[in-house]
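Peer 1: Here it is: the structure, laid out below.
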Amino acid sequence: MNGNKIRLSKSSISQKEKQAVSEVLTKEFLGMGEEVMLFENKIQKYLQTDMQVVCVSSGTSALHLSMSALDIGYGDEVLVPSLTYVASYQAISATGAVPISCEINPDTLFLDTDDARKKITKNTKAIMPVHYASSSKGMDEVYMLADEFGLRVIEDAAQAFGSERNSEKIGTKGDIICFSFDGIKNITSGEGGAVLSNDDKLIQRVQDSRLLGVEKDTEKRFSGYRSWDFDVKYQGYRYHMSNIMASIGAVQIDRLEEFKIKRQSIAKKYINSLKNIDEIVFLDIDFDEVLPHIFVIKTQRRDSLRKYLISNDIECGVHYKPNHLLTKYKTDFVLETTEKIYSEILTLPCHFDLSADEQDYVIDKIEEFFRA
């Protein structure tokens, strides 16, 4: 590829996003205002959902605010798969609660509810399933477990915006759903996230808490004003989304269907091209429904393949190092399935701007490696 690295992931920004940002700069109202309200409405319209939408500064803050609004804190426990980005864990521990590391299904890399069941105690308050590689196959079992034990469900759907499950878009139903719109997600607002729920009390808490706990400040901001005489009853944070971010996200939603077609075609091409290599195993994901944020394969020769691809100017990643192996969240128990899977997973380039020639080159190098 003439020394030009093939990127693992990247945002796709057109002139339309640049124009939208320019218009916000011209208005000189850069904080949270009308554009954020319009973006929230646009998310709701795209999803065709009656769930309420609250945009915030990141996917991590969406998780943190959701748990804070549930009064989850010191002495409480939240069940979560260890194989997730550390953001999921940091959001839990930021409340003072303890993340309880759970196993994953080896085929989907989704939360193993059988293992989660074994770890429920009197202190368990919620389950945080992670939509790994944008897939949420296994959510029905999560909600059955939650109903049985009276637990709240906070879906870490950071990777899943635009994906479907059982022919319904993620975000159309559920307890609490949290999205991320960071620079390389399915759509981006530069940074950003959203909380969706039909729990009116929770939504009001999240709305207030994103603005330092100032009661009803959202309505003022959306009208271009600020609150001067107000009350604060709960801990709040500076987690609101800016108009600049929202203007980018609103344009990205308009482009989402073309993003979806391209990303799904990339995933299907990898599968069709590499399916005859016995040493490669694909995740159990339906790419007619899932809009893939990342494309992950499993191989027992992961490290040597990764080294070979990098040496040929192909970026690749490992999503993720299990959190129960990190110093802050280290456990006194082993998660055998998670640790085995961690040694096998490799993420291949997958983004809207990946050209056909670039993907062919990646495929050729993988085939070349396994032929050697």
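Peer 1: Condition test on residue 243, is it surrounded by 21 or more Cβ atoms within 10 Å (Cβ to Cβ), among the polar types (S, T, N, Q), in contact with a strand residue (DSSP E or B) (Cβ under 7 Å, 6 or more places away or on another chain) and at pLDDT 95 or above? So that I can check it myself, show each step before the final result.
Peer 2: Working: surrounded by 21 or more Cβ atoms within 10 Å (Cβ to Cβ): yes; among the polar types (S, T, N, Q): yes; in contact with a strand residue (DSSP E or B) (Cβ under 7 Å, 6 or more places away or on another chain): no; at pLDDT 95 or above: yes.
No: the conditions fail for residue 243.
Peer 1: Oh, and also: Quick check: anything in the stretch 83-106 of a type in the set (D, E, K, R) and more than 20 Å from residue 320 (Cα to Cα)?
Peer 2: no
Peer 1: Residue check: is residue 30 at negative phi and at pLDDT below 95?
Peer 2: Values: at negative phi: yes; at pLDDT below 95: yes.
Yes: the conditions hold for residue 30.
Peer 1: I'd like to know if the stretch 74-82 contains one or more residues that are outside any helix (DSSP H, G or I) and farther than 30 Å from residue 341 by Cβ. Write out each step before concluding.
Peer 2: First, pick out the residues of the stretch 74-82 that are outside any helix (DSSP H, G or I): 74-82.
Subsequent filtering for residues that are farther than 30 Å from residue 341 by Cβ retains 74-75.
Yes, the stretch 74-82 contains a residue that is outside any helix (DSSP H, G or I) and farther than 30 Å from residue 341 by Cβ.
Peer 1: Further question: If you check 199, 182, which single one turns out to be in the same structural domain as residue 52 (by TED's automatic domain parsing), surrounded by fewer than 24 Cβ atoms within 10 Å (Cβ to Cβ) and free of Cβ contacts under 8 Å to residues at least 60 places away in the same chain?
Peer 2: Working: 182 fails: free of Cβ contacts under 8 Å to residues at least 60 places away in the same chain.
On inspection, the qualifying residue turns out to be 199.
Peer 1: Residues that are surrounded by fewer than 19 Cβ atoms within 10 Å (Cβ to Cβ): list the helices (runs of 4 or more DSSP H) wholly contained in the stretch 1-71 that include at least 1 such residues. Break it down into steps so the answer makes sense when it comes.
Peer 2: Details: elements: 15-27, 34-47, 59-69.
By residue number, 15-27, 34-47.
Peer 1: Just checking, how many residues over the stretch 182-203 are among the aliphatic types (A, V, I, L, M), more than 13 Å from residue 10 (Cβ to Cβ) and assigned to a loop (DSSP other than H, G, I, E, B)?
Peer 2: Keep residues of the stretch 182-203 that are among the aliphatic types (A, V, I, L, M), which gives 184, 187, 194-196, 202-203.
With the extra rule that they be more than 13 Å from residue 10 (Cβ to Cβ), the set shrinks to 187, 194-196, 202-203.
Imposing the further condition that a residue be assigned to a loop (DSSP other than H, G, I, E, B) reduces the set to 187.
Of the residues in the stretch 182-203, 1 are among the aliphatic types (A, V, I, L, M), more than 13 Å from residue 10 (Cβ to Cβ) and assigned to a loop (DSSP other than H, G, I, E, B).
Peer 1: Oh, and also: Quick check: anything in the stretch 323-333 touching a residue at least 60 places away in the same chain (Cβ under 8 Å), touching a helix residue (DSSP H, G or I) at 6+ places or on another chain (Cβ under 7 Å) and within 20 Å of residue 133 (Cβ to Cβ)?
Peer 2: Checked the stretch 323-333: at least one residue is touching a residue at least 60 places away in the same chain (Cβ under 8 Å), touching a helix residue (DSSP H, G or I) at 6+ places or on another chain (Cβ under 7 Å) and within 20 Å of residue 133 (Cβ to Cβ).
Peer 1: When you scan the stretch 53-65, do you find a residue that is at pLDDT below 95 and assigned by TED's automatic domain parsing to the domain that holds residue 153, even just one? Give the derivation first.
Peer 2: Quick first cut of the stretch 53-65, residues at pLDDT below 95 only: none.
No, every residue in the stretch 53-65 fails to be at pLDDT below 95 and assigned by TED's automatic domain parsing to the domain that holds residue 153.
The values are calculated or read from the model by the stated rules, or taken from the named source; none is laboratory data. Since we're looking at a predicted model, the values are computed, not measured. Using ideal geometry, Cβ is built from the backbone for each residue, glycine included, and neighbour counts are taken over all protein chains shown.
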